[in-house]
C-alpha cells in the first residue's frame, strides 16, 4: 500500500511525463511538489515506487517514467476527473460545424471534432438499428444507362447507390417494380424486408405481379443492407501512426488501420457502462493490434434506439482526466443532439 507521499510523487511523475514525454528526475519533482523534502528522500520514494513496478527507469536517462501498472493505479486510485456540466455540453454542441441532414453527418463531424480536441483517434458507433422501417424508394436516372437507387428510412437516413443498367433494359421498365416496393414495403421493418429478399419470398411475390430482373433485386437488397449497416465514424484515423511508440511493426499498420473501420471489432473491445468513461490500457483491451495504446470508451443514449459508443484510441501517455471530461461532454452532447433525429 502506498503512503500519501508516494501517491503524491507518482501523481506528479504521471502529470509531468504526460506533459513533456521526458523521464522525470528527483530535482524536477522537488521543484513542483508542495512538500519540503530533500532530493535524496524523493529518490528513496521513487525507488520504492519502482520496486512496486509502478514506475520504471529508462536506459537513456536517470529519470523515471510511469509503467502501465502505474497508469492503472493512477486511474483506479488517484485521478480526479469532474463530470461535464451543461456549459461543457453546450460548448461541444457549438463546436459542431454546419447543419446535419443525416445522423451519419453529425457523427462524422463529432468524431472529427473530438479528435481535433484530443489529438487522438476518435471512433463513434451509433446504436444498432433494429427497428428501422422503409419510408420510400426511388430511382434517379443518370446518363449512359446509369441510375441512382435511393432508399429513405423512417429515421431520416437516405441511402443511395449508383447502378448501371444492362443495355437491354430501359429505366422506365423499372417503374412498376419501384411502385410495387413503395406500395407494399413502406412501413415494413428493413430487417423483415431483407429476410424476405434472402428467403426468395419477396422476389416470388414480385414476379407474380411484374417481371423483375435479378440485377434489380440485387441492387435493392444491397441498398437495404447498407441502410442499416454498422459503420464506424472515425476522426484522426492516421493519428495512431504518431503515438504507436514504435511498437507497431510496419506489417501490422495496414491491419491496424483496417481494424479501425471494423464496427464489430470496435464493439468487441469497447465495453460501456452507461455514462461512465472506461479506460483499458495495452493488453487489457483484448486486441493484440491495440496493445501499444489506451482505449477510452463511453456510451451515449438515443431515445427509443438504445446506446451508441464513443471511443478514443491514443497513447498510453494520455491526459486521462482531461480526456475523460471531453468524453463525458461529447456523450451528453450526442445524447441531446440526436433527439432531433428520433
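Values in this text are rule-based calculations from the coordinates and carry no lab data. These figures come from a predicted structure and were not determined experimentally. Heads up, the Cβs are rebuilt from the backbone with ideal geometry, glycines too, and the neighbour counts pull from every protein chain shown.
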Practice task
With springs only between Cα atoms under 10 Å apart, run a GNM on the chain and tell me which of 311, 321, 299 wobbles the most.
Solution key: 321
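Say R0 is 22 Å: what FRET efficiency, to the nearest 0.05, do residue 154 and residue 226 get from their beta-carbon distance?
With a Förster radius of 22 Å, E is 0.85.
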Fill in the blank from the handout: Between residue 7 and residue 252, Cβ-based FRET efficiency (R0 41 Å, step 0.05) works out to 0.65
Fill in the blank from the handout: A chain fully extended from residue 91 to residue 186 at 0.36 nm per residue, minus the present Cα-Cα distance, gains in nm 30.3 nm
Exercise for the section: Quick one: compute the contact order of segment 4-78, relative version, from alpha carbon pairs under 8 angstrom and 6+ residues apart, as a percent. Expected result: 35 percent
Exercise for the section: Compute from the Cα atoms of segment 272-342 the Rg and the Dmax, the latter being the longest Cα-Cα distance, and quote both in angstrom. Expected result: 13.2, 39
Problem - Kirkwood hydrodynamic radius (C-alpha pairs) into Stokes-Einstein, segment 4-78, 25 °C and 0.890 mPa s, D in µm²/s - result: 204 µm²/s
Completion exercise
Listing 242, 34 by rising number of other beta-carbon atoms within 10 angstrom, fewest first, gives 34, 242
Practice task
Starting with the fewest neighbours, write out 209, 89 ranked by other beta-carbon atoms found within 10 Å of each beta-carbon.
Solution key: 209, 89
Exercise for the section: Of the listed values [x] -0.20, -0.58; [y] -0.27, -0.67; [z] -0.32, -0.72, grab the one calculated as log10 I(q)/I(0) by the Debye sum over Cα atoms at q = 0.06, 0.10 Å⁻¹ from the structure here. Expected result: [z]
Exercise for the section: Fewest Cβ neighbours within 10 Å first, please rank 328, 108, 200 accordingly. Expected result: 200, 108, 328
Practice task
Report relative contact order for the chain in percent, whole number only (criteria: Cα-Cα under 8 Å, sequence separation at least 6).
Solution key: 20 percent
Handout entry: Computed FRET value (nearest 0.05) for residue 78 with residue 101, which takes r as the C-beta separation and R₀ as 56 Å
Key = 0.80
Exercise for the section: Give, in nm to one decimal, the length gained when the segment between residue 321 and residue 214 is fully stretched (0.36 nm per residue of separation minus the Cα-Cα distance). Expected result: 33.0 nm
Exercise for the section: Just subtract the alpha-carbon distance of residue 32 and residue 169 from 0.36 nm times their residue separation and send over the number in nm, one decimal. Expected result: 41.6 nm
